[in-house]
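Each remark here refers to the structure printed beneath this line.
The values are calculated or read from the model by the stated rules, or taken from the named source; none is laboratory data. None of these values were measured; they are calculated from a predicted model. Every residue, glycine among them, receives a Cβ derived from its backbone with ideal geometry; neighbour counts consider all protein chains shown.
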C-alpha cells in the first residue's frame, strides 16, 4: 500500500509516494522527475531557507537552486539540518554572481567542510569520501553513432586504471603485430572489447591433436566452453529494408538501411549488425517472428512466453504516462482484473489473459494502478486511457503520452480538438467486460 517516503534531507517531511505520478503526468514529465522536483522544493524550503527566499525573489535562477539542493540531499555522510544551514549561508550570497564551474567548486568546498560526522572523536580523522568508481555505458537514449560506436565513461581506482592502460597498450600492440592498420585509439578500443571477451583465449585452446576448439567445443578436460560472444539483440526491420525474393542468403537485405535495436531504444545500420554477427565466435539464435496484430489468448492466469513476448514488443515501455522503463523489466498487468474464482463458479472470465487485456507496467506504476485510485481503460490493443485520482486523462500508446479532456457526452477529445476512437459500449442490460 501507499506509504510516506523521505525524498529530501533530514528535517524535511515525508511525502505520500503516489502523489508524484499525478503531478508528473500533469506537468508532462516522468514520475521519477516529478519526485526529484518535489524533493528539491522540500530541501530548499526546509533546509536551505536563504536560497529558497532568493529563488522566490528572482535573484537566483531556479535551475541553480535545484542544482545546489541536489548536492545537499545526496551527500555522504548525510548533512544534518545544522550543516545544511551552514552551507546555505556560505553559498547563497554567491549563487547568482559566479559561473557554474565556480559554483560547483564553492559548493564542493562547503560540503567538504561540513562532511565530517558530528560524532567523531578525532577532528583529525579524514572526511569519508563517497565511492565514485563506475563504468557506465551511455544508455541514456543517445543513438549509436553513424560508425556503429557508443560512448562509455568510467572512474577507476588508480592502480586499476594503470593496469587497464597497460592491458590496452599490450592489446593494441598485439593487434598491430597481427597486421591491423587501424589507428592506435581504435586498436585500444578493440583491445578493450577483447578484454570483455576474454573467453576467446580459451576458445582458441589447442588440444593434444593440434586442433583448435571452436565456439562451444569441448576442452581437454571435458568442460564445455561457452561461446565468446553472445548478443541478445532484438532487431526490428522495416519492410523496405528487405528485398523481395531473397530470404535465405540475406543478399536481399539493404545493408545501408537502418534497424531498430530494442536494447537501449537505438537505431543502427544493418551493415553494423552484419559485422557483429559475422564473427565466427558469435552465438546466433533465431527466434520465431511474432505477429503483433494477432490476438493471443490462453486460459491460465500466467501469460505464456509467446504472449509475454508479444505484449512486450507491442508496448516497448511501461504504458503509464511518460514512463520510459523498458517493457522487458516490467510486469504484465491484466487491464481488467483476472477473476481466479470465475471458472470454479461457472462464470465467464471478466479479465481474460489475452493480448488486448494485458499491458506492461513497471512495478511502481503497477502498485499505483492497484492501490492508487488510477483507472486504466484499454481503447484498443496497446492504446491505454488513464484517469488520475483528480480526474485528469491521458492517452498512452507507442507514440507517447497525450493529455486529454472528456467532453460532456463522455467523448474523449484531445487538447488539439481531435476526437479519438471510443471503446465499444455495451448493449442495454449487457455487462461491461
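So, in the range 65-111, how many residues would count as being closer than 18 Å to residue 36 by Cβ, touching a residue at least 12 places away in the same chain (Cβ under 8 Å) and not in a helix (DSSP H, G or I)?
The total comes to 3.
Just to be sure before I move on: is residue 373 assigned by TED's automatic domain parsing to the domain that holds residue 314, under 23 Å from the mean Cα position of the chain (by Cα) and at pLDDT below 95 in the structure I sent?
no
Has the range 123-141 got at least one residue that is under 30 Å from the mean Cα position of the chain (by Cα), surrounded by 12 or more Cβ atoms within 10 Å (Cβ to Cβ) and modelled with pLDDT under 75?
For the range 123-141, residues under 30 Å from the mean Cα position of the chain (by Cα), surrounded by 12 or more Cβ atoms within 10 Å (Cβ to Cβ) and modelled with pLDDT under 75: present.
So which of 21, 8, 84, 71 ends up being buried (at least 21 other Cβ atoms within 10 Å of the Cβ) and under 15 Å from residue 110 (Cβ atoms)?
The unique qualifying residue is 84.
Among the residues of the range 264-308, which ones are within 28 Å of residue 400 (Cα to Cα), modelled with pLDDT under 90 and outside any loop (DSSP other than H, G, I, E, B)?
266, 267, 268, 269, 270, 273
Return yes when residue 325 is under 21 Å from residue 32 (Cα atoms), at pLDDT below 95 and either surrounded by fewer than 17 Cβ atoms within 10 Å (Cβ to Cβ) or in contact with a helix residue (DSSP H, G or I) (Cβ under 8 Å, 6 or more places away or on another chain) (or both) and no when it is not.
Criteria not met by residue 325.
Would you confirm, using the coordinates I've provided, whether residue 50 is under 29 Å from the mean Cα position of the chain (by Cα) and either assigned to a helix (DSSP H, G or I) or surrounded by 13 or more Cβ atoms within 10 Å (Cβ to Cβ) (or both)?
no
Which is assigned to a loop (DSSP other than H, G, I, E, B) and more than 24 Å from the chain's Cα centre (by Cα), of 29, 1?
When all the criteria are applied, what remains is 1.
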